[in-house]
Amino acid sequence: MAKDTAKPVILWFRKDLRLDDNRALHAVHRSGRPVIPLYISEPESAGTGPLGAAQAWWLHHSLEALDGSLREQQGRLVLASGEALEVLCAFIRESGAEAVFWNRRYDPAGISIDAHIKHELEKQAIEARSFGGQLLHEPSRLMTGNGTPYRVYTPFWRALEGCGEPEQPLEAPAKLRIASQLPKSEALESWKLLPTKPDWAVDFTDLWTPGEDGAHEKLRAFIEDVLDGYKENRDYPARPATSLLSPHLAFGEISLPASGMPHAACRNGWQRPMSCIFARRSPGANSPIIYSSTSRVLPRTTGTSVSTASNGATTTTISRRGAAV
């Protein structure tokens with residue numbers, strides 16, 4: 001059945017606080033329906049894990065940055081707190097939305113919550129669609145011959161190589177169709193994410209700029225100022241030889257390789273403007289790929305790789321081909 005293009009879609013942001021290369025956002029945009037951008041602060045009891053104090057500081061500023069990007073599109077980020085299903089149902093009733101779109105999360109608690117939400121929404125005839133947004137390929141594509149997940153890296157790498165090219169990253173839509181009537185938002189300050197007495201984060205902004213722009217600037221600075229000496233300087237912890245992308249990746253301010261530029265993107269050498277950097281690594285090295293939309297001109301030997309450990313931790317490296325990282 002064709003969907004009413006006047007009815008809004010709730011775009012549920014989680015750890016994907018960006019407009020670039022956001023599959024759920026692009027799906028709403030392509031549908032032609034107005035969007036309600038929503039972020040839900042879920043209770044710790046939901047099972048999605050506690051938020052550390054430094055993470056809370058980062059989240060505050062990352063949400064501010066995303067809200068600023070949406071305001072440039074004549075929109076804003078709607079903030080709400082509570083059990084996700086309850087919040088979504090309340091907003092559906094208030095707005096008349098007929099759909100909820102989100103990018104998937106892959107931790108066990110998150111998968112369980114999302115599966116339940118999708119089931120309950122579909123029972124109410126609400127379209128619930130999820131998209132890959134954080135991985136090079138969906139986990140279901142990488143199974144052993146027995147249909148179980150890989151536990152040894154080298155066979156995993158070979159299977160990954162055989163999956164073909166990942167999808168190309170998507171630029172942020174030039175113009176989003178924001179819903180004309182957005183639900184009332186909670187005040188970000190009421191979430192009390194920032195330290196006050198004492199304000200131990202007072203100097204954080206000297207080094208860190210949370211948000212999508214800050215993530216791309218960190219990557220640009222690493223490429224231009226650090227990458228050439230990385231092979232040598234990485235052995236000296238006191239030297240500024242790392243990308244500093246870890247917190248940006250953790251909040252999804254720069255895309256992980258669920259939707260990345262194909263490996264062939266770098267084959268034409270460094271006279272080609274690119275929106276990605278990557279390394280095609282051999283078994284035993286970090287493998288998946290992290291992309292940015294910095295549109296820099298890079299030599300073909302330059303690359304960025306991301307690996308996701310079995311415990312869900314993400315390790316990010318940027319290296320010259322052949323350098324062990």
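The values are calculated or read from the model by the stated rules, or taken from the named source; none is laboratory data. Treat the numbers as computed from the prediction; the structure is a model and nothing was measured. With ideal geometry, Cβ positions are generated from the backbone for all residues, glycine too; neighbour counts draw on all protein chains shown. Ligands, DNA and RNA are excluded from the accessible area calculation, which covers all protein heavy atoms including side chains. Shrake-Rupley method; radii C 1.70, N 1.55, O 1.52, S 1.80 Å.
One table, with the values for the structure above:
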read-out: Candidates per GluC sites (Glu not before Pro) in region 33-83, loop by DSSP, up to 13 other Cβ within 10 Å; value: Glu72
read-out: Listed residue (Cys89, Ser31, His61) projecting farthest to the positive dipole end of region 1-96, Cβ model; value: Ser31
read-out: Rounded, prolate or oblate (a/c below 1.5 giving rounded, otherwise prolate when a/b exceeds b/c) for region 171-263 by Cα gyration tensor; value: oblate
read-out: Cα-based shape type of region 109-258, given that a ≥ b ≥ c are square roots of the gyration tensor eigenvalues and the cut on a/c is 1.5; value: oblate
read-out: Test item: Cα-centred dipole of region 143-197, Lys/Arg +1 and Asp/Glu -1 on Cβ, debye; value: 320 debye
read-out: Vicinal HN-Hα couplings computed from phi for region 176-181 (Karplus, 6.51 cos²θ - 1.76 cosθ + 1.60; Hz; Gly/Pro x); value: 8, 8, 7, 4, 5, 10
read-out: Environment charge of Ser180, counting only residues whose C-beta is closer than 14 Å and scoring Lys/Arg +1, Asp/Glu -1; value: +3
read-out: Separation in nanometres of the label points that stand 7 Å from Cα toward Cβ, at Lys175 and Arg151; value: 5.6 nm
read-out: Listed pairs Lys7/Lys218; Lys15/Lys175; Lys15/Lys118; Lys123/Lys175; Lys7/Lys192; Lys7/Lys175 exceeding 28 Å between Cα atoms; value: Lys7/Lys218; Lys123/Lys175; Lys7/Lys192
read-out: Gain upon complete extension [His116, Gln168; 0.36 nm per residue less C-alpha separation]; value: 15.7 nm
read-out: Cα centre as origin, Lys/Arg/Asp/Glu Cβ charges: region 187-251 dipole, Debye; value: 260 debye
read-out: Apportionment of accessible area to carbon and sulfur, region 36-194, percent (1.4 Å); value: 51 percent
read-out: Trp208 long-range amide H proximity, modeled H, under 5 Å; value: none
read-out: Check: region 55-168 dipole with +1 on Lys, Arg Cβ and -1 on Asp, Glu Cβ, in debye; value: 300 debye
read-out: Where labels lie 7 Å past Cα in the beta-carbon direction, separation of Glu64 and Asp199 in nm; value: 1.0 nm
